[in-house]
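Comments concern the structure below.
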Amino acid sequence: MSWTLPPLEGGDRCELPVAAAWSSANGESANTWYAVMPSPTVLLRQVTAEAAKLADTRDAD
């Protein structure tokens, strides 16, 4: 796997959440997709937690 990212400015950061799953090439199975696709509830919980953490950091400054 590889990513091509634009240059970052000083102080910028990049986070790449990555999940990988594989199965045999000769079998078609949805299980591989389910292994790497979290539920919308999990995704929303993570985004909400990160937004709250950023807001707390800004309020502390």
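Numerical summary
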item: Criterion: surrounded by 10 or more Cβ atoms within 10 Å (Cβ to Cβ) and either assigned to a loop (DSSP other than H, G, I, E, B) or among the β-branched types (Val, Ile, Thr) (or both) - qualifying residue of Ala35, Ala21, Ala51, Ala25; result: Ala21
item: Filtered residues of region 38-48 (kept if in a helix (DSSP H, G or I) and either of a type in the set (Ser, Thr, Tyr) or open to solvent by less than 100 Å² (accessible area, probe 1.4 Å) (or both)); result: Pro40, Thr41, Val42, Leu43, Val47, Thr48
item: Contacts under 6 angstrom Cβ, first residue in region 34-56 being without any contact (Cβ under 8 Å) to a residue 40 or more places away in the chain, partner of a type in the set (Gly, Ala, Ser) and open to solvent by less than 80 Å² (accessible area, probe 1.4 Å), 6 or more apart; result: Ala35/Ala21; Val36/Ala19; Val36/Ala21
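The values are calculated or read from the model by the stated rules, or taken from the named source; none is laboratory data. The structure presented is a predicted model; accordingly, all values stated were derived computationally and were not measured. For neighbour counting, all protein chains shown are included, and Cβ atoms are generated from backbone atoms with ideal geometry for every residue, glycine included. With ligands, DNA and RNA removed, areas are computed over all heavy atoms of the protein, side chains included. Shrake-Rupley method; radii C 1.70, N 1.55, O 1.52, S 1.80 Å.
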